[in-house]
Amino acid sequence: MRIHLALLVMLVFMGGSAHATPGFSERSGQGCGTCHLEPMGGKLSDTGLEFAASGYVWPPKGGFRVIGPIKKRVRFLIGLIHILAAFIWFGTILYVHLMLKPAYAEKGLPKGEVRLGLASMLLVGVTGLLLTVSRVKGLDVLYMSPWGRVLLVKVFIYLVMISSAAFVVLFIGPRLKGGTRRAEFPENGVFDPLTLAAFDGAEGRRALIAHEGKVYDVTGLGLWSDGRHMKHRAGGDMTEFLPKAPHGMEKLDALEVVGAYDSSAAPPRSLPQRAFYVIAYMNLALVFCAITTIAYWRWGI
């Protein structure tokens, strides 16, 4: 859908520099004058344009409109917007993956990027539809000609990409920010700062604190009511604060040790974050599929 402007270029070349080919005449059983404006070749006629567009099937099956329903200047403007929107959309995806990395958004989708992406996707779809309507005179061209079949591939890639984007924005994005703050014990027994922070003792959650690499359970202690003790909140590392306290290690020795603590450990990715990464890299692969499809349409057919 992003290369309909190239279609105009191809039509110009076909219309301005075509020569009679005996092989095509033999295939169609027609004289050269059927497809050319001159008996022995030259510019293509309307029939010749349709014959070329249909993959040289005689009689022509579908094809491009020789005179589209949209004026040439308007079509040029639509094509310009189409290419610019596709450039912004694909360029943003490539920039995010190659420069920023998807991790920049794993804790929440930036609103500006989301608006820009949705706007560019919408423009690509609307302008691509208008360009297709302006050049295709029948639905049969979508399955009877090489151009139409490649167009269907591009439409499929577009639909997959916008569907995945909608899924990320509506379902995954709202769950990214708090995805790793659920009070769940780590499978390996080692708490990282973010995992420990979820056990803050508030709203019925367990209250845990760390000290010198160990995690202690202070849930239910009167001095840690609702996860607070003096100015301290459960879910953090108390190593630097204990020497200043009026008591020593004897208070901690009486508590249950529920795990180890590593302040340098990275928190595990939540299910929404893992899904975000899968879709992000899937879309990167689809960008290259779309570019390959465009290149094949332009130079391979």
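The values are calculated or read from the model by the stated rules, or taken from the named source; none is laboratory data. Remember, it's a predicted structure, so these values are computed and weren't measured experimentally. Every residue, glycine among them, receives a Cβ derived from its backbone with ideal geometry; neighbour counts consider all protein chains shown. Protein only, heavy atoms only, side chains kept; ligands, DNA and RNA dropped before computing areas. Shrake-Rupley method; radii C 1.70, N 1.55, O 1.52, S 1.80 Å.
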Of the conditions (1) touching a helix residue (DSSP H, G or I) at 6+ places or on another chain (Cβ under 7 Å); (2) without any contact (Cβ under 8 Å) to a residue 12 or more places away in the chain, N188 fails just one. Which one is it?
-> (1)
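Determine, yes or no, whether F191 is buried (at least 17 other Cβ atoms within 10 Å of the Cβ), touching a strand residue (DSSP E or B) at 6+ places or on another chain (Cβ under 9 Å), among the hydrophobic types (A, V, I, L, M, F, W, C) and closer than 30 Å to L100 by Cα.
Numbers: buried (at least 17 other Cβ atoms within 10 Å of the Cβ): yes; touching a strand residue (DSSP E or B) at 6+ places or on another chain (Cβ under 9 Å): yes; among the hydrophobic types (A, V, I, L, M, F, W, C): yes; closer than 30 Å to L100 by Cα: yes.
Yes: the conditions hold for F191.
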Being at pLDDT below 90 and under 23 Å from G173 (Cα atoms), is that true of even one residue in segment 75-88?
-> no
Could you list all residues from segment 89-102 that are within 22 Å of L271 (Cα to Cα) and open to solvent by 50 Å² or more (accessible area, probe 1.4 Å)?
-> L100, K101
Look at segment 139-159 and say how many of its residues are in a helix (DSSP H, G or I), in contact (Cβ under 8 Å) with a residue 12 or more places away in the chain and open to solvent by 50 Å² or more (accessible area, probe 1.4 Å).
-> 2
Failed item, numbered, when M282 is tested on (1) open to solvent by 70 Å² or more (accessible area, probe 1.4 Å); (2) touching a Phe, Trp or Tyr at 6+ places or on another chain (Cβ under 9 Å); (3) within 29 Å of P174 (Cβ to Cβ) | (2)
Are there any pairs with C-beta distances below 9 angstrom linking a residue in segment 19-38 that is closer than 13 Å to W58 by Cα to a residue that is open to solvent by 60 Å² or more (accessible area, probe 1.4 Å) and modelled with pLDDT of 75 or more, with the two at least 6 apart or on different chains, and if so which?
-> F24/Q30
So is L123 on the phi < 0 side of the Ramachandran plot, of a type in the set (A, V, I, L, M), open to solvent by 50 Å² or more (accessible area, probe 1.4 Å) and without any contact (Cβ under 8 Å) to a residue 40 or more places away in the chain or not?
-> no
What are the residue pairs meeting all of these: first residue in segment 196-220, first residue open to solvent by 20 Å² or more (accessible area, probe 1.4 Å), second residue of a type in the set (V, I, T) and at pLDDT 85 or above, Cβ atoms under 6 Å, and 6 or more apart or on different chains?
-> R206/T219; K214/V257; D217/V258
Assess whether L129 counts as being more than 30 Å from L208 (Cβ to Cβ), of a type outside the set (D, E, K, R), open to solvent by 50 Å² or more (accessible area, probe 1.4 Å) and modelled with pLDDT of 90 or more.
-> yes
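Considering only segment 221-235, how many residues are of a type outside the set (A, V, I, L, M) and either modelled with pLDDT of 85 or more or crowded, with 18+ Cβ neighbours inside 10 Å (or both)?
Restricting attention to segment 221-235, the residues satisfying the condition of being of a type outside the set (A, V, I, L, M) are 222, 224-229, 231-233, 235.
The next check asks that each one be either modelled with pLDDT of 85 or more or crowded, with 18+ Cβ neighbours inside 10 Å (or both); those that pass are 224, 227, 229, 235.
The total comes to 4.
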If you check R269 against the conditions, is it among the charged types (D, E, K, R) and either touching a residue at least 24 places away in the same chain (Cβ under 8 Å) or surrounded by 15 or more Cβ atoms within 10 Å (Cβ to Cβ) (or both)?
-> yes
